[in-house]
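Since the structure comes first, as structure tokens, the remarks are kept for the end.
The values are calculated or read from the model by the stated rules, or taken from the named source; none is laboratory data. Remember, it's a predicted structure, so these values are computed and weren't measured experimentally. Cβ placement follows ideal geometry from the backbone for every residue including glycine, while neighbour counts extend to all protein chains displayed. The accessibility values were calculated without ligands, DNA or RNA, using every heavy atom of the protein model including side chains. Shrake-Rupley method; radii C 1.70, N 1.55, O 1.52, S 1.80 Å.
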Amino acid sequence: MGNQKLYNSTNRFSSYLFEDSTAWAVHEINGIIGRVMEMNADPAGQHAGLPIFPDSSDMYFSTDENGAVMQAIINVGNRKMLIFDWGHMHINPDGKVFPKGVVHVHVCTIDEDGHLVLSAQARLMTEAEISKYGPLLKSYDPKVRFRP
């Protein structure tokens, strides 16, 4: 699931880095499909986080070490993703604080060379994002908050 793959040069096959979590059901709300992902073994230790180019869902979720959902990523355009994160406290370079449990959004784009560029400043979800994506986030974590 997800189209990021790890290339194995020995047998020249690629294996998916992520698979569906067996502990969580797939949810569809507001026409957006969400699924919780687990990372397969990555012997090279080169990958972390969630798939950046969804191909089997609209939004992917990840869990913390206790199995609680704490992050989501959605592709909102050809070269842009939104990362919704609430599993930790975040402090922007300008000093703005986002407490643990409150969603902060990182905008991630892909530059012309294909590199991921993460926004330096996180922000709160917009009202439109809360309306569109909030119910799906709440379906996986009913305690998630959108405002401090």
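Quick rundown of the values:
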| read-out | value |
| --- | --- |
| Selected residue (criterion: modelled with the lowest pLDDT) from residues of segment 13-34 that are in contact with a Pro (Cβ under 8 Å, 6 or more places away or on another chain) and surrounded by 12 or more Cβ atoms within 10 Å (Cβ to Cβ) | L17 |
| Residues (part of a loop (DSSP other than H, G, I, E, B), open to solvent by less than 80 Å² (accessible area, probe 1.4 Å), over 20 Å from R79 (Cβ atoms) and not polar (S, T, N, Q)) located in segment 91-128 | G95, P99, G101, V103, L124, M125 |
| Flag if D42 is at pLDDT below 65, surrounded by 11 or more Cβ atoms within 10 Å (Cβ to Cβ) and either within 19 Å of R123 (Cβ to Cβ) or among the acidic types (D, E) (or both) | yes |
| Sole residue being farther than 27 Å from G31 by Cα and either touching a Ser or Thr at 6+ places or on another chain (Cβ under 7 Å) or of a type in the set (A, V, I, L, M) (or both), chosen from V105, V117, V69 | V117 |
| Close pairs (6 angstrom Cβ cut-off, 6 or more residues apart or separate chains): under 13 Å from M59 (Cα atoms) and surrounded by 16 or more Cβ atoms within 10 Å (Cβ to Cβ) in segment 129-145, small (G, A, S) and at pLDDT below 95 anywhere | L136/G34 |
